[in-house]
Amino acid sequence: MNIEEIKKKLADEIDAADKTEKIEAARVNFLGKKGHITSALAGLKNVTGDEKRTLGQAVNALKREAEALFSEKLAELRNLEERALIDAAPVYDLSIPSGEKAGSLHPITLVSRECEAIFSSMGFTVEEYSEITDDYNCFEALNIPKDHPARDMQDTYYLENGQLLKTHTSAAQNTIMRKYGKNLEAGLPIRAIFPGRCFRNEATDACHENTFFQMEGVMIDRDISISNLIYFMKTMLSEVFERDVKVRLRPGFFPFVEPGFELDISCAICGGEGCPSCKNSGWLELCPCGMIHPNVLTAGGIDPEKYTGFAFGLGLTRLAMMKFGIKDIRDFNSGKLANLTQFVH
Ligand code: PHE
């Protein structure tokens with residue numbers, strides 16, 4: 001093929017290439033090891049003198065021209081292909097209101113945030129703690145030694161390394177005491193709440209779940225008494241239910257409090273008259289609580305001779321059921337959006 005023929009063929013192939021792969025193939029055809037232009041350059045060794053010079057210049061010029069044409073066409077085709085991809089992709093304009101209902105907060109999140117806000121306003125810090133913990137924090141540090149019958153009520157899921165999923169938010173008590181205990185000497189009380197997911201080996205029904213939420217609260221200082229406990233619980237619950245709730249304490253046993261109580265609130269449904277929801281008693285059990293046992297304070301590095309405190313374990317899931325009138329506890333983990341999305345604030 002002479003130069004003119006190569007030139008013509010080059011123009012045709014570049015013209016015909018409508019995809020990047022085709023232009024790549026054409027480039028190999030002309031500039032590759034056995035390509036037309038490469039062969040023409042190799043053919044120069046067969047000519048001599050003036051002819052070699054003119055031909056040499058012409059082939060080299062053609063080579064440069066071909067390189068320029070190929071990269072120009074390649075860029076052009078790449079552009080076209082990108083455009084085509086963009087045009088084919090679905091269009092998302094994030095600034096356009098969707099017209100769909102926006103997502104909503106889970107009812108547990110709603111009550112949890114509400115309680116957090118109320119307790120924060122009373123000077124409580126909101127703590128974080130993991131869902132996986134160990135035997136010490138979940139039981140031993142809470143005055144529940146191995147083989148204590150109280151463990152029967154709180155069987156849970158154990159990991160192969162001996163760790164476990166916490167059965168109650170009380171598991172965070174020791175960590176909270178260690179975190180803030182030194183402030184007591186400086187006259188700063190410990191006031192902390194800790195909302196968290198808890199797990200128990202439980203057969204599920206409308207009132208029992210293996211996964212549920214509690215909110216732990218502790219207050220430790222000099223001279224903390226049961227009156228402080230009652231005051232804080234009553235204030236908090238009145239705010240949550242947006243009315244003045246009556247509370248009463250009954251004795252309750254938990255190894256980590258002494259004395260221990262079950263705190264009941266007057267039934268919101270019948271106003272305390274007695275109805276099926278409160279089993280005709282007029283009261284609903286809501287929040288186990290008590291004065292922190294000296295052994296638990298000691299385990300947390302706090303001197304029980306100097307300081308006292310109260311702790312409570314508010315059933316957040318139960319609170320959400322009462323507040324929103326949710327009858328089946330299993331709804332919370334069900335993923336049934338029709339049920340869970342109606343409490344948007
Ligand atoms: N952790 C206890 C439970 O889940 C509740 C509790 C907390 C009781 C704090 C007393 C004080 O059963």
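In what order, largest first, do MET122, MET1 sit by accessible area if the probe radius is 1.4 Å? It would help to have the intermediate numbers written out before the result.
Values: MET122 35, MET1 120 Å².
Highest to lowest solvent-accessible surface, that is MET1, MET122.
Give me log10 I(q)/I(0) at q = 0.08, 0.12 Å⁻¹ for the chain, Debye formula, one equal scatterer per alpha-carbon, no solvent.
After summing over all Cα pairs, the log10 values are -0.54, -0.91.
Quickly estimate the mean residue ellipticity at 222 nm for the chain, helices only: each DSSP H run with n ≥ 4 gives -39500 (n - 2.57), and the total goes over all residues, rounded to 500.
On the way: 11 runs with 136 residues, N = 345.
It comes out at -12500 deg cm²/dmol, rounded to the nearest 500.
Need one value: the accessible area of CYS207 in square angstrom, 1.4 angstrom probe, rounded to the nearest 10.
Here the residue's solvent-accessible area equals roughly 90 Å².
Of LYS146/LYS234; LYS166/LYS327; LYS246/LYS336; LYS146/LYS323; LYS179/LYS234; LYS182/LYS246, which ones are farther than 32 Å apart at the Cα? Write down the numbers at each step before the final one.
Numbers: LYS146/LYS234 35 Å; LYS166/LYS327 25 Å; LYS246/LYS336 34 Å; LYS146/LYS323 37 Å; LYS179/LYS234 27 Å; LYS182/LYS246 36 Å.
Those over the limit are LYS146/LYS234; LYS246/LYS336; LYS146/LYS323; LYS182/LYS246.
Return the carbon/sulfur percentage of the accessible area of the chain, one whole number, probe 1.4 Å, all protein chains in place. Each step should come with its number before you reach the end.
On the way: 10260 of 19350 Å².
Ligands and nucleic acids excluded, carbon and sulfur reach 53 percent.
Using the crude model of +1 on Lys and Arg Cβ and -1 on Asp and Glu Cβ, and no other charge, please compute the dipole size for the chain relative to its Cα centre, in debye to 20.
The dipole magnitude comes to about 660 debye.
To the nearest Å, what is the center-to-center distance of the stretch 133-201 and the stretch 30-60, using C-alpha atoms only?
The two parts, judged by their Cα centres, are 85 Å apart.
Counting only heavy atoms of protein chains, what accessible area per residue, in Å², does the stretch 107-340 have with a probe of 1.4 Å?
Numbers: 11050 Å² over 234 residues.
Per-residue value: 47 Å².
Which lysines, if any, have their Cα less than 25 Å from the Cα of LYS45, not counting same-chain residues under 8 positions apart?
Cross-link targets: LYS7, LYS8, LYS9, LYS33, LYS34, LYS63.
The values are calculated or read from the model by the stated rules, or taken from the named source; none is laboratory data. On a predicted model such as this, the values are computed, not experimentally measured, just so you know. Here the Cβ is made from the backbone with ideal geometry for all residues, glycine too, and neighbour counts use every protein chain on show. For accessibility, only protein heavy atoms count, side chains too; no ligands or nucleic acids. Shrake-Rupley method; radii C 1.70, N 1.55, O 1.52, S 1.80 Å.
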